[in-house]
Amino acid sequence: MSSNTHPSVAQVGLVSLFITALVAAQVTASKVLSFGIPFELPLAGGALVLPGAALAYALTFFASDCYTELYGKRAAQVVVNVGFVMNFVLLLLVWSTIAAPVARNSPVAAGTFQQVLGASTGVVVGSLVAYLVSQNWDVLVFHRIRELTDGDALWLRNIGSTATSQLLDTVIFVTIAFVVFQGMPLDLAISLMVGQYVFKLLVAIVDTPFVYLVVGAVRSRESGAAEPTVAD
């Protein structure tokens, strides 16, 4: 263990990736995407329908899983809960800009700016509740699987924690944002849940080698940095 108490490049980088992806997810959540697929999914049909934030939000789980593996459950929970507070900072900044007077020569009209960045109440409430539950669940499950496997099978805790937490996130977000606040019919909501969850699950599987790559590189670098050196 290094005696250096300063945060490493890896720590700063992973926290920055987490917060950047989180902010991107918040500002892209209201656009619903549809991707055609060459087969039929149960309840969803021949297309993946998902919020625009799906990829950005999936990256937050990649960052938090790497961070949990490298720095422990408590450190990861601090990042997750600080990220929750940063959601409110983002909302404050966006809505204060919406409320501010617009210049006559502004290239973006006030109404357009508000329509694009002023997420609806349902999207805000749904994303905040889903975030708080799913991200803390992800850290807890990741750590628990790590304990049960004595630190082996990184792939299992990465996929297992993300698969369960993303299921919670998807169901909570779609239910609150689209069913409760917008009155979306249940069949359409289920289709949205299936498309979003399948996409996130695929991302969790695809990003597993990158989790190994990041964790291995950081451990190799930090163990090298921890070796004793000759004092100046």
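The values are calculated or read from the model by the stated rules, or taken from the named source; none is laboratory data. The shown structure was predicted, so the numbers you read here are calculated from the model rather than taken from an experiment. Positions of Cβ are backbone-derived with ideal geometry, glycine not excepted, and every protein chain shown enters the neighbour counts. To get the accessible areas, we keep the full protein, side chains included, count just its heavy atoms, and leave off ligands, DNA and RNA. Shrake-Rupley method; radii C 1.70, N 1.55, O 1.52, S 1.80 Å.
Results, tabulated for the structure shown:
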quantity	calculated
Subset of region 15-66 (residues that are closer than 22 Å to THR208 by Cβ and among the hydroxyl-bearing types (Ser, Thr, Tyr))	SER16, THR20, TYR57, THR60, SER64
Candidate set from region 170-189 (those that are within 21 Å of THR28 (Cβ to Cβ) and not in a helix (DSSP H, G or I)); member that is modelled with the lowest pLDDT	GLN182
Cβ-Cβ under 8 Å pairs, at least 6 apart or on other chains, region 8-26 side touching a residue at least 12 places away in the same chain (Cβ under 8 Å), far side open to solvent by 50 Å² or more (accessible area, probe 1.4 Å) and of a type in the set (Ser, Thr, Tyr)	GLN11/TYR71
Helices (runs of 4 or more DSSP H) lying entirely in region 1-99 (those with 3 or more residues that are open to solvent by 40 Å² or more (accessible area, probe 1.4 Å) and at pLDDT below 85)	none
So TRP137, is it assigned to a helix (DSSP H, G or I) and surrounded by 17 or more Cβ atoms within 10 Å (Cβ to Cβ)	yes
In region 112-132, the residues that are of a type in the set (Phe, Trp, Tyr) and either under 11 Å from PHE173 (Cβ atoms) or in contact with a strand residue (DSSP E or B) (Cβ under 8 Å, 6 or more places away or on another chain) (or both)	TYR131
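Residue by residue, here is whether (1) surrounded by fewer than 18 Cβ atoms within 10 Å (Cβ to Cβ); (2) part of a helix (DSSP H, G or I) holds:
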{"site": "ASN105", "(1), (2)": "yes, no"}
{"site": "GLY111", "(1), (2)": "yes, yes"}
{"site": "GLN114", "(1), (2)": "yes, yes"}
{"site": "VAL129", "(1), (2)": "yes, yes"}
{"site": "LEU156", "(1), (2)": "yes, yes"}
{"site": "SER191", "(1), (2)": "no, yes"}
